[in-house]
Amino acid sequence: MSVLVYIDTADGHVKKSSLEVLTYGAKVAEQLGTSVEGVVLGTTTEDLSALGKYGVKKIHHVANEALNNFDAQVFTKVIAQAAEASGATVIVFSNNLSGKAIAPRLSVRLKAGLVSGAVALPDTSNGFTVKKNVFSGKAFANIAVSTQVKIIALNPNAYQTIAGEGTAEVVALNAAVDAAKIKVTNVTKASGEVPLAEADVVVSAGRGLKGPENWGMVEELAKLLHAATACSRPVADAHWRPHNEHVGQTGVAIAPNLYIAIGISGAIQHLAGVNRSKVIVVINKDPEAPFFKAADYGIVGDAFEIIPKFTAAIKKLKGVA
Amino acid sequence: MKILVCISKTPDTTAKIAFTDNNTKFDVNGVQWIINPYDEWYALVRAIELKEKDAATIIHLVTVGAADAEPIIRKALALGGDEAIRVNADSHDSFYIASQIAEVAKQGGYDLVLTGKETIDYNGSSIGGMVAELLDLPYVSLATKFELAGTKATITREIEGGEETNEVELPVVVSAQKGMAEARIPNMRGIMAARTKPLKVVEPITVEALTAVAGFGLPPAKAGVKLVDAENVEELVRLLHEEAKAI
Ligand SMILES: Cc1cc2nc3c(=O)[nH]c(=O)nc-3n(C[C@H](O)[C@H](O)[C@H](O)COP(=O)(O)OP(=O)(O)OC[C@H]3O[C@@H](n4cnc5c(N)ncnc54)[C@H](O)[C@@H]3O)c2cc1C
């Protein structure tokens, strides 16, 4: 018996969300009185044994170059082999873009009940139930999983990473790897930018900014805070900003530590995707904007005056010129 | 080219979210129902665009739901599609629903199965992947572009902080999100035509669900906003730093 964590990588680097699921998996293992193991697919430049500080005892590494090409079908079969090798009864993924591609497939393959979008540790006091977001963050549900093997896909930023001491034993797993049907022919990454779903801080702006030419101040503020940038739906629809920045009920759902909303009215569909943020700051010139009801801090004022001042004040705090 | 588009019925985005029966059931009282936006705006419209390019394309819609899902499927047919199939079953878990869709897909022999990225009520993002595994087909999740040349699809999917281009031979299962297509409004002709398009009802296959909802809840309300004067932006930064410890 064990808890198996899928350690997601990109270009051979372990993703931040993987550290969250490792910490989470270690806690689940503690609850169940078992140990946590991990699985890494593809070649990596990192020292995987160092991941032991997040609680993982043993890492199965399938260092097969063919796995540097992402095909969920191929990955699923390899992870199923790792699950078997580790005798996993609980398998944990990040509910990130890879997790959303693999976890449902693995659920079918292993006939293992899946809870995707989990936001808390399982409740094992009476069966096995896991809390997840539903209605785009407007509510939650407790999902009971009755199958022998269970799969949890944990939402990014829902569980805090804790680093302690320890090293993991890294073992090579000689898994059978099918030929991929999907060929990854091109990868483009906005370099230096923080991925939105994983970001601790998000600076978001809406139609109140009037036009794409005014986003310079948003980007500057975001850079200063190591934040990702986001926007409301009409802004993406008007092509002022790329589609992948659109947050809300029909865009990306996020749960950063800090969400700064500038010139966004706070429509119910927008709030649905961001109301899981820990701290919400709203800057809007209309005191009646519905967003203030969902905010922790707010300033009623013109974004074009407030943002430069806000940026200057943060520079002062951080001691940057 | 034969396309199957998965259509789900979801509460309107402004619907009041409340629960009944000791917090075990969604309160449907007064709720307006819509086609799940991802299914409508991206999966269905992209299928229609493909048909516009190649008139020989056949589009079938499938929904798993009781008879009250029919207005939704008619609405989808008003946008486009040749016929619809309703699997006559109340909603269960994702595995149950995916199994029904996979069965329909097996019968129909489709080249492409399209789903929305997720439903806006359950937010599972699981149906596409499950259907693909049940059919032993490749799956491209959260696609933002889909192009076809003969039997080869070139698909762009979102990855953390960027995107990736995938090439794959049909048949394939794809979940669609923003970027795939531009949302459309049905016109009068479409609405009229939808009335006479075939809507087949089939009975579900026997499948055990793997999960069940034990209960629902609402998140705790916010304590209330702390307003800072526009002339005192530095105070906001201080609060965020010292009180909220967020910067
Ligand atoms: C089915 C459906 C799904 C939807 N999904 C989403 C979704 O996922 N995400 C989403 O965001 N929206 C979504 N919407 C749209 C949503 O209803 C709102 O229309 C949208 O969020 C409004 O965007 P906004 O706040 O940027 O613009 P507006 O509503 O136009 O608000 C602009 C705000 O900026 C303020 N403002 C103007 N000038 C200034 C200034 N100089 N300084 C400061 N403030 C200023 C105004 O007071 C106003 O509050 C959806 C709608 C539907 C029907």
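The values are calculated or read from the model by the stated rules, or taken from the named source; none is laboratory data. Computed from a predicted structure; not experimentally measured. No Cβ is skipped: glycine too gets one built from the backbone with ideal geometry, and neighbour counts run over all protein chains shown.
Here are a few things to note about the model shown:
Residues are listed down the side, and each one gets a yes or a no for (1) touching a residue at least 24 places away in the same chain (Cβ under 8 Å); (2) not in a loop (DSSP other than H, G, I, E, B):
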site	(1), (2)
A:Glu20	yes, yes
A:Thr23	yes, yes
A:Lys27	yes, yes
A:Thr43	yes, no
A:Gln81	yes, yes
A:Val108	no, yes
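- Residue check, A:Lys316 of a type in the set (D, E, K, R), at the interface with chain B (Cβ under 9 Å from one of its Cβ atoms) and in contact (Cβ under 8 Å) with a residue 24 or more places away in the chain: no
- Any hit, region A:184-192, residues being within 15 Å of the ligand (Cβ to nearest atom) and not assigned by TED's automatic domain parsing to the domain that holds A:Leu67: no
- Note on region A:274-291: residues that are in a loop (DSSP other than H, G, I, E, B) and either within 8 Å of the ligand (Cβ to nearest atom) or more than 9 Å from chain B (Cβ to nearest Cβ) (or both) total 5.
- Apart from one condition, A:Leu224 fits all of (1) within 14 Å of the ligand (Cβ to nearest atom); (2) at pLDDT 95 or above; the exception is (1).
- Filtering B:Ala194, B:Ala230 for residues that are assigned to a loop (DSSP other than H, G, I, E, B) and either within 19 Å of the chain's Cα centre (by Cα) or modelled with pLDDT of 95 or more (or both) leaves a single hit, B:Ala230.
- Considering residues of region A:295-305 that are crowded, with 22+ Cβ neighbours inside 10 Å and facing chain B (nearest Cβ under 10 Å) only, the residue farthest from the ligand (Cβ to nearest atom): A:Asp296
- The number of residues in region B:123-168 that are within 7 Å of chain A (Cβ to nearest Cβ), acidic (Asp, Glu) and either part of a helix (DSSP H, G or I) or more than 14 Å from A:Gly99 (Cα to Cα) (or both) comes to 4.
- Exactly one residue among A:Ile162, A:Ile182, A:Ile152, A:Ile102 is β-branched (Val, Ile, Thr) and closer than 30 Å to B:Thr14 by Cα, and that residue is A:Ile152.
- Among the residues making up region A:128-172, those that are touching a strand residue (DSSP E or B) at 6+ places or on another chain (Cβ under 7 Å), small (Gly, Ala, Ser) and either more than 13 Å from chain B (Cβ to nearest Cβ) or closer than 17 Å to A:Ala88 by Cα (or both) are A:Ser146, A:Ala153, A:Ala168, A:Ala172.
- Hits in region A:180-229 (condition: in a strand (DSSP E or B) and within 20 Å of A:Lys315 (Cβ to Cβ)): A:Val201, A:Val202, A:Val203, A:Ala205, A:Ala228, A:Thr229
Residues are listed down the side, and each one gets a yes or a no for (1) without any contact (Cβ under 8 Å) to a residue 24 or more places away in the chain; (2) loosely packed, with under 15 Cβ neighbours inside 10 Å; (3) more than 8 Å from chain A (Cβ to nearest Cβ):
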{"position": "B:Lys197", "(1), (2), (3)": "no, no, yes"}
{"position": "B:Pro204", "(1), (2), (3)": "no, no, yes"}
{"position": "B:Leu210", "(1), (2), (3)": "no, no, no"}
{"position": "B:Gly217", "(1), (2), (3)": "no, yes, no"}
{"position": "B:Lys222", "(1), (2), (3)": "yes, yes, no"}
{"position": "B:Ile247", "(1), (2), (3)": "yes, no, no"}
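- Per the listing A:Leu106, A:Leu121, A:Leu154, A:Leu114, the residue uniquely assigned by TED's automatic domain parsing to the domain that holds A:Ala83, within 11 Å of B:Leu210 (Cα to Cα) and at pLDDT 95 or above is A:Leu114.
- Which numbered condition A:Ser125 misses (of (1) without any contact (Cβ under 8 Å) to a residue 60 or more places away in the chain; (2) buried (at least 24 other Cβ atoms within 10 Å of the Cβ); (3) more than 26 Å from A:Lys278 (Cα to Cα); (4) more than 9 Å from chain B (Cβ to nearest Cβ)): (2)
- Residues within region A:250-265 that are near the ligand (Cβ under 7 Å from one of its atoms) and modelled with pLDDT of 95 or more, tallied: 4
- Number of residues in region A:230-268 that are closer than 29 Å to A:Ala312 by Cβ and β-branched (Val, Ile, Thr): the value is 6.
- Hits in region A:254-273 - residues which are within 10 Å of another protein chain (Cβ to nearest Cβ) and surrounded by fewer than 22 Cβ atoms within 10 Å (Cβ to Cβ): A:Asn257, A:Ala267, A:Ile268, A:Gln269
- Filter result for B:Asp90 (at pLDDT below 95 and either away from chain A (no Cβ under 13 Å) or within 16 Å of the ligand (Cβ to nearest atom) (or both)): yes
- Restricting region B:224-239 to residues that are more than 7 Å from chain A (Cβ to nearest Cβ) and out of contact with any Asp or Glu (no Cβ under 9 Å at 6 or more places or on another chain) leaves a set whose member that is surrounded by the fewest Cβ atoms within 10 Å (Cβ to Cβ) is B:Glu231.
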